[in-house]
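Below: one structure, written as structure tokens.
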Amino acid sequence: MMNRRLWLTRIVKGFSITGAGFLAFPFFRALIPTADDETSLEVSVDDLRPGQSKIVRWRGRDLVIQKRSQEMIKTIEEGSIDLKDPSSLQSLQPAFAENEYRSLRPEIFVTYNLCTHLGCQVVKSKDTSLGFSCPCHQSDYDLSGRVLSGAAAPTNLEVPAYRFISGNILVLEVVEV
Ligand code: FES
């Protein structure tokens, strides 16, 4: 009888310790930093040829980093496309990107790839005079991520804060406001 009681006591204690461990796990896990919590991320653009782009995930969202070709820069400068917010007055970008390139340097473009209508992922446009296209409701954006007039998307693609720390390395960073 004693042995049975001792055995039951041990089982109950075992469950208590295991249960406490399960309850504590999410708490301790929340304290461990993950990639989505990074306050800065270095990205090299050395691997991109003119016209190429790559996707980088940062703080839970994807970004497109594109090396523009001279033809792309020329198309932007020609400014012949009818845009909803050409000067990006209604759109989200750092002060340094308040220009026609919407970038720090004309040859590198960085933008979140989420459509400003309902948040679908935009893709590279099949039209080489444009930059991005949204497959959900066909909003088109120019090579600077500015939405075309008549599109469902209300504003231009969002540009994140970043800076260059060398010729080919940029740093994405959280900016306190
Ligand atoms: S979500 Fe992009 S056009 Fe609607």
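Only lysines eight or more places from residue 54 in sequence, or on another chain, were considered; those with a Cα closer than 30 Å are 67, 74, 84, 124, 126.
In the stretch 89-177, Cα pairs under 8 Å separated by at least six residues give a relative contact order of 27 percent.
Can you tell me how much longer the chain between residue 169 and residue 152 gets when fully stretched, taken as 0.36 nm per residue apart minus their C-alpha distance, in nm with one decimal?
On the way: separation 17, 0.36 × 17 = 6.12 nm, distance 3.47 nm.
Gain on stretching residue 169 to residue 152: 2.6 nm.
Annotation for the stretch 127-177 versus the stretch 64-90: alpha-carbon center distance of 10 Å. The residues 114, 89, when put in order of fewest to most other Cβ atoms within 10 Å, stand as 89, 114. Taken over the alpha carbons of the stretch 28-177 as equal point scatterers, the Debye sum produces base-10 log I(q)/I(0) values at 0.14, 0.17, 0.18, 0.21 Å⁻¹ of -0.65, -0.95, -1.06, -1.42. Taking other Cβ atoms within 10 Å as a rough exposure proxy, 65, 73 sort from fewest to most as 73, 65. Put in order of Cβ neighbour count within 10 Å, fewest first, the listed residues 57, 102 become 57, 102.
The numbers here are math on the coordinates, done by the rules we state, and not lab data. Here the structure is a predicted model, which is why all the values come from computation and not from measurement. Reconstructed Cβ throughout: ideal geometry from the backbone, glycine too, with neighbour counts over all protein chains shown.
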